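One structure is given below, encoded as structure tokens.
The values are calculated or read from the model by the stated rules, or taken from the named source; none is laboratory data. Keep in mind that this is a model prediction, so the values were computed, not measured. Using ideal geometry, Cβ is built from the backbone for each residue, glycine included, and neighbour counts are taken over all protein chains shown. Heads up: the accessible areas ignore ligands, DNA and RNA and are worked out on the full protein's heavy atoms, side chains in. Shrake-Rupley method; radii C 1.70, N 1.55, O 1.52, S 1.80 Å.
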Amino acid sequence: MVADPLEHYAGSAQRFDELLDGQGAVRPHWRRLVEHLSSGGMDSVRRGVELARRLVVENGVTYNVYADPQGRDRPWQLDPLPLLLSAAEWRDIEAGVVQRTQLANAVLQDLYGPQRLLRSGVLPAELPFGHPNFLWSACGLRPLRDVWLHVHAVDIARAPDGRWWVLGDRTQSPSGLGYALENRQIVSRVYPGLINDLGVRSLAGFPTAMHESLADLADDDVSLAVVLTPGPFNETYFEHAYLARQLGMPLVQGQDLTVRSDVVYLKTFAGLRRVHAILRRVDDDYCDPLELRVDSALGVPGLLGAVRAGKVALANALGSGVLESPAWQGFLPGAAQALLGTSLLMPSVATWWCGERPALDYVLDNLDRLVIKTTFPNQSFEAAFGRHLSSGERNALRLRLRARPYAYVAQERLLFSHTPAWRAGTRVRLAPRALSLRVYVVWTPQGYRVLPGGLARIAAEGVRDVVSSQRGGGSKDVWVLADPQKALPLDEPAAAPRMTRHTDLPSQLVENLYWLGRYSERCEDKARLLRATLAVRTDRRVWRVALATCAAFGVLDPDTDAGISLYDDKLELGLAADLGRFGWAATQARSRLSAAHWRSISMMQRQFHEAGQSRSEPVEMLDRLLVSLTSLSGFALDDMTQDDGWRMLMLGRRLERVHYLSQLLADVLDAEPAALRASLGWLLEVCSSSITYRTRYVTAPQPGPVLQLLIEESGNPRALAFQWHKIGRTLRELSVQHEGELDHSLQQAIAALREVDLLRLEESGLTGLRQRLLALGDSAEQLADRLTMRHFSHVGRDLRVVAT
């Protein structure tokens, strides 16, 4: 008999408002999903919950909770059981949030323009002018096409009576859209085919609509839009990289952009490219250190001047963060009448701004029924629920409200509806979780459009009053059931695409790809060196040579057990430390890596970390690590567009291998002759060339043939000759023309090495060969330094503007 995962919900004292109606029956639009889950039984549910958890980890979906010990690596919380909304219900939500977005855009246009709402008394002046995100320098600005809000998010919640209420607006740089899209991808893996069977509306057209709306703002036929991020330490950096990849737009930081003559340019590998639009994830006052916060290292000096000149569009416009305050909810109905001539279709939760005397009096008399919040986001005060306060705490709060009434807002306590969510554990079962929904609206030339779904957020189990990811909450995918009687504009394929400059690579991104190549090669080389070394621990002569070589490369501490050194990330040149640097470079370049590529990197890092915690057997761990690193080489070859960024990644790998192999051979040649001969087999293993040697030579490893195979054999991908041929070819293929012979010193070192007859080399000639190998390694590093100075350092560099 198959256990029914939903057998206990009926008649339960726990509340499932979203799933059940007032009589305890399953709502009609949930029935087919309930039937599907019941038919699969508990085993199917457990597999689905585990698959969702695993995909979140493997895809690197993270959200940082401040002060959380997991830091930026905290996995995103996703419950795979979706939230279902009927077509009729969605029509009302859609109409309400579109109207609200139009109103918010009109309010911003008025606040930074004629300020009629302030003059007529519809809005109190203290509300915008006291807000830290009201930008005086933005007064009089007119963004392109008068669009202040390109992306708007509205937080709504359903009360137990079934009505949806607006909790707040996100107008500055709304977060969560990328997580909503990723949730859909993961949940579609958990329930393959069910989305189509239930007629769930697709989200696929939304990124295209966003990109086309930004591209449409360009004043010529070729546009370049970018995503501006604060960087990898931001709590939603995953989303920034994800959106850039989905939108086909470069992910940039402030130092990637420059303003010249009121025009914004992207510093690309080829030169400066004009930027027409910026989807920003940097807060208002950090965007321009020239006119806003002078201490900001995240913005672009002169950006506000470019906006003022109408040369760039910002999504969203600077100053739009002023509407992010709960106090606005009490004044928007009047603003709607004044600006739109109509009432709000979706009401806001009842709100009282204490800066008005009647409102303050009401709040003081009704504290036990209200929630007290700060008016402005820069105040250190946590929301207080009057019903939870003691008599003394309420008196203290009253004194605080009377002292600074304008700084506080009171809102009616909304009883959130509850949705079923899977409770993980030894037995997966349903638990009620308080629910809120964030709905996203995007501007298009045809008007505002709504993402047919959104980000459902659920409170931590047992929490009823606060739904917050920062407080341990989770998320759900939102399934909007299609209305067969209505066309779906965002679900349909886009029209003919507009040409963009998506092939332009920010120079900082190219630098990260270059170091990604170097660190991936460095990790692979050290892993091979360690594996071969640990395999010869029983041969004393070879062990001494191998151990000395490992110590020279800094991968083993001679005074520490090899198994401990392997996992020691405090060992500066050790494998663990280099894997950390490799992961950091991959994080910086994540927008250029496919989901499968990133998943492989994430899995490799996690497996190495877990092996370090359990102190797994070193050779076994190195075997698994090398399999992962080799697969990443395959991704680099066959899973990336072979543009200049890819060429620099491969160039980094080749230069790193030349430097490593020349140093390795030089160190081995410094051994005693007898020890050298005994170590040749180990050397071939380190260089992954044992099979090649055995198929070519019948004899045991001899110095001459081994050195010829590892130095001169152009068909051996581990040989030095193979590397320098690839380096020369890559330099020729680079689209940027180098001045003079950039690799002149490397060519000289190669020529000097070729003069040596390796097969007739006497012991007396080993010293000279060793010196030439060291010179080759030095030349490779000099070439790397010149590449860095030429392409990745913008100090004193006159970047040319590349015509579009």
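When the chain is described by a simple charge dipole with +1 on each Lys and Arg Cβ and -1 on each Asp and Glu Cβ, the residue from TRP328, THR695, VAL545 located farthest towards its positive end is TRP328. A straight chain from ALA674 to GLU412 at 0.36 nm per residue would run longer than the Cα-Cα distance by 85.7 nm. By the helix-only formula, in which each DSSP H run with n ≥ 4 contributes -39500 (n - 2.57) and the sum is divided by residues, the chain has a 222 nm mean residue ellipticity of -14000 deg cm²/dmol.
For volume of the Cα convex hull per residue in Å³, computed directly from the structure shown, the correct entry in (1) 180; (2) 247; (3) 200 is (3). The distance from the alpha carbon centre of the range 305-345 to that of the range 87-115 is 9 Å, rounded to a whole number. Each Lys and Arg Cβ is given +1 and each Asp and Glu Cβ -1; about its Cα centre, the range 333-456 then shows a dipole of about 500 debye. Above 14 angstrom, tally the Cα pairs of the range 553-612 and express them as a % of all pairs, no decimals. Tail fraction, whole percent: 58.
Using R0 = 45 Å, the C-beta based FRET efficiency linking VAL463 and ASP561 works out to 0.45. The protection proxy used here, the mean number of other Cβ atoms lying within 10 Å of each residue, ranks peptides 765-772, 395-402 as follows, highest first: 765-772, 395-402.
With all protein chains in place and ligands, DNA and RNA left out, the 1.4 Å accessible area ranks GLU356, GLU713 as GLU356, GLU713, largest first. Here the Debye sum runs over all C-alpha atoms of the range 350-412 as equal scatterers in vacuum, and log10 of I(q)/I(0) at q = 0.25, 0.26, 0.28, 0.30 Å⁻¹ comes out as -1.08, -1.18, -1.38, -1.56. Quick one: pull the percentage of alpha-carbon pairs in the range 241-318 with a separation above 21 Å. Everything past 21 Å amounts to 21 percent. Using only Cα atoms, locate the centre of the range 423-450 and the centre of the range 205-251, then give the distance between them in Å, rounded to an integer. Each part reduced to its Cα centre gives a spacing of 22 Å. Sorting 559-565, 744-750, 377-383, 334-340 by their mean Cβ neighbour count within 10 Å, with the most densely packed peptide first, gives 744-750, 334-340, 559-565, 377-383.
Averaging 1/r over every pair of different alpha carbons in the range 115-271 and inverting the result gives a Kirkwood radius of 19.4 Å. Modelled spin-label separation between SER614 and ASN395, with each label point placed 7 Å from Cα along the Cα-to-Cβ direction: 5.9 nm.
Evaluated over the Cα positions of the range 136-182, the convex hull gives a direction-averaged projected area, one quarter of its surface, of 5.5 nm².
Rounded to the nearest 5, what is the percent of antiparallel bridges among the DSSP beta bridges in the chain? Around 75 percent antiparallel, to the nearest 5.
In plain terms, the chain from ARG163 to SER261 could stretch by 30.1 nm, reckoned as 0.36 nm per residue minus the Cα-Cα distance. Counting every pair of alpha carbons in the range 116-159, the share spaced more than 17 Å apart comes to 59 percent. For the peptides 162-173, 447-458, the ranking by packing is 447-458, 162-173, with the highest mean count of neighbouring Cβ atoms within 10 Å listed first.
Place a point 7 Å from Cα of GLU763 in the direction of its Cβ. Which residues in the range 640-680 have their backbone N less than 16 Å from it? 669-680, by backbone N distance to the label point. Extending 7 Å from Cα along the Cβ direction at ARG471 and again at ALA88 yields two label points whose distance is 3.4 nm. Taking a ≥ b ≥ c as the square roots of the Cα gyration tensor eigenvalues, with a/c under 1.5 meaning rounded and otherwise prolate when a/b beats b/c, else oblate, which class fits the range 507-792? Cα axes put the range 507-792 in the oblate bin.
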